[in-house]
Amino acid sequence: MKRNIAVILAGCGVFDGAEIHEAVLSLLAIARQGAQYQVFAPNREQAHVINHLTGELSNESRNILVESARIARGKILPLDQIQIEKFDAILFPGGFGVAKNLCTLAFDGPSCTVLPEVEQVVLDAVKAGKPIGALCIAPAMMTKILAGAEVTIGNELSTIQAIEKMGGSHIETTHGQVIIDEQYKLVTTPCYMLDASIDQIADGAENAVAALLKLCQ
């Protein structure tokens, strides 16, 4: 029987949603390693909208679930409908949407809050012994939820300081490297928190998914 991984997105686009390369390459890694996935996202308005051509704020509003559906090709469910017992693991690709839509790290730093449905699914996964994967900036959010979690986001100093202020432990890594917190079965890798090429992102996604699936055994 194929392993089943819940992939949780934060919109569509690096500056205000899920990082598209990280999301798509994670889905590809899951499929290529013989598992299957279901995509989820919170059904609520995103923090703001960024024009990805100019980098400027756009005077419009968008829904996280609707935007995430672009990546999932419409095959997506609201996060509050997830049934953790049906999945072997959960995975969070990165992108600034994680720090803006799934939590408020981008605005509030270490004093951030996490969306209740996001926090609940992480805590439910830990309680059930299900592995969790987090890419890019998502590991920082994990340290807000999971006390003392050991993670990596590469070597970006301000984010490392925020992680430590939230009680997490950071290990510096480079492209494609994976850190595993055995207590929480938490797999993290830096991806675009480093200056990376798309093939290096693919390596990170492949290695993270491989570690997740190994922890499922």
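List of remarks:
- C-alpha center-to-center spacing [region 10-82, region 105-154] in angstrom: 17 Å
- Hits among lysines - C-alpha to C-alpha of LYS185 under 17 Å, sequence gap 8 or more where chains match: LYS127, LYS130, LYS144, LYS214
- Our compactness index for region 64-152, the C-alpha radius of gyration over the empirical 2.2 N^0.38 Å, is 1.06.
- Net charge of Cβ neighbours under 15 Å - reference VAL209; Lys, Arg +1; Asp, Glu -1: +2
- Considering only the Cα atoms of region 1-112, their convex hull presents on average a projected area of 7.5 nm².
- Loop-located trypsin sites (Lys or Arg not before Pro) in region 61-95 (DSSP state other than H, G, I, E, B) with a sparse environment of at most 15 neighbouring Cβ atoms within 10 Å: ARG73, LYS75.
- Test item: Cα-centred dipole of region 1-105, Lys/Arg +1 and Asp/Glu -1 on Cβ, debye: 440 debye
- Here the accessible area is traced with a 1.4 Å probe on the protein chains. For region 57-185, carbon and sulfur cover 47 percent of it.
- Value in Å of the Kirkwood radius, where the chain supplies the Cα pairs that are averaged: 16.6 Å
- Accessible area per residue for region 1-159, computed on protein heavy atoms with a 1.4 Å probe, is 43 Å².
- With contacts taken as Cα pairs under 8 Å at a separation of at least 6 residues, the chain carries a relative contact order of 20 percent.
- Given charges at Cβ of Lys, Arg, Asp, Glu: region 93-178 dipole, positive-most of THR173, GLY133, ALA106: GLY133
- Helix content alone sets the calculated 222 nm mean residue ellipticity of the chain: runs of n ≥ 4 DSSP H residues at -39500 (n - 2.57) each, divided across all residues, give -10000 deg cm²/dmol.
- Taking every DSSP beta bridge that has both ends in the chain, the antiparallel portion is near 25%.
- Straight-line reach from LYS75: taking Cα to Cα under 17 Å and skipping same-chain neighbours fewer than 8 places apart, the aspartates and glutamates in range are GLU67.
- Among ASP16, ASP181, ASP88, the largest mean-square fluctuation in a Gaussian network model of the chain (Cα springs under 10 Å) belongs to ASP181.
- Cysteines without a disulfide-compatible neighbour (Cβ-Cβ under 4.7 Å), the chain: CYS12, CYS103, CYS112, CYS216
- DSSP H segments from the chain that extend 24 Å or more along their own axis, Cα-based, with Kyte-Doolittle mean of 0.0 or above: 198-216
The values are calculated or read from the model by the stated rules, or taken from the named source; none is laboratory data. Given the structure is predicted, the values throughout are model-derived calculations rather than measurements. In this analysis, Cβ positions are derived from the backbone assuming ideal geometry, glycine residues included, and neighbour counts consider all displayed protein chains. Heavy atoms of the whole protein, side chains included, go into the accessibility calculation; ligands, DNA and RNA do not. Shrake-Rupley method; radii C 1.70, N 1.55, O 1.52, S 1.80 Å.
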